[in-house]
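**Student:** Questions regarding the structure given below will be posed in turn.
The values are calculated or read from the model by the stated rules, or taken from the named source; none is laboratory data. Model, not experiment: these values are computed from the prediction. Ideal geometry is used to build each Cβ from the backbone, glycine not excepted, and the neighbour counts take in all protein chains shown. Areas reflect the complete protein model, heavy atoms only, side chains present, ligands, DNA and RNA absent. Shrake-Rupley method; radii C 1.70, N 1.55, O 1.52, S 1.80 Å.
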Amino acid sequence: MMASIGEFDPLNTRVPATKIEVTVSCRHLLDVDTFSKSDPVVVLYLQGVGSKEWREFGRTEVIDNTLNPDFVRKFVLDFFFEEKQNLRFDVYNVDTRSCNISKHDFLGQTFCTLGEVIGSVGGRLEKTLS
């Protein structure tokens, strides 16, 4: 009789991942609203491994009337040690209730890798929006 390890297939296994919690805040955002301050939201995109395609991963909540938001909603990402995981953070000013992000004012974006976030001093990475 032979012992078996479930349905283990060494050619089709995923490398174990570590869960990473990413919190976002912004400072000195552009003020594009006329009678109040901006109402920012951050959209996180992940780039597919081996592809150029960006996929929306999630969005923070919208915080009204601030140029210095500290978002509460966190992004929980799987960190794969051997993979370069590209992240893109797009910041928008929300003016309507539309879920269609193109209906909102684009304030800027920044790029980094998940490895940069993890490897930064104190786990805190500061990037400038472009």
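**Student:** Mind ranking 49-57, 70-78 by how tightly packed they are, going by the mean number of other C-beta atoms within 10 angstrom, highest first? Intermediate values should be presented prior to the final figure.
**Tutor:** Details: 49-57: 10.3, 70-78: 14.2.
Final packing ranking: 70-78, 49-57.
**Student:** Ignoring ligands, DNA and RNA, what percent of the 1.4 Å accessible area of region 23-69 is carbon and sulfur? Walk me through the numbers on the way to the answer.
**Tutor:** Values: 1430 of 2840 Å².
Carbon with sulfur: 50 percent of the solvent-accessible area.
**Student:** Two decimals is fine: what's Rg over Rh for the chain, C-alpha atoms, Kirkwood radius as Rh? Working shown, then result.
**Tutor:** Values: Rg = 18.6 Å, Rh = 16.7 Å.
Ratio of gyration radius to Kirkwood radius for the chain: 1.11.
**Student:** Any idea what the relative contact order of the chain is, in percent, if you count C-alpha pairs under 8 Å spaced at least 6 apart?
**Tutor:** Numbers: 225 pairs, mean separation 31.2, N = 130.
Relative contact order comes out at 24 percent.
**Student:** By a straight-distance test (C-alpha under 30 Å), which lysines pair with Lys84 as possible cross-link partners, with residues fewer than eight away in the same chain excluded?
**Tutor:** Within the straight-line limit of under 30 Å, Lys84 reaches these lysines: Lys19, Lys52, Lys74, Lys127.
**Student:** Could you tell me what a quarter of the Cα convex hull surface of region 46-112 works out to, in nm² with one decimal place?
**Tutor:** Details: hull surface 21.9 nm².
Projected area, direction-averaged: 5.5 nm².
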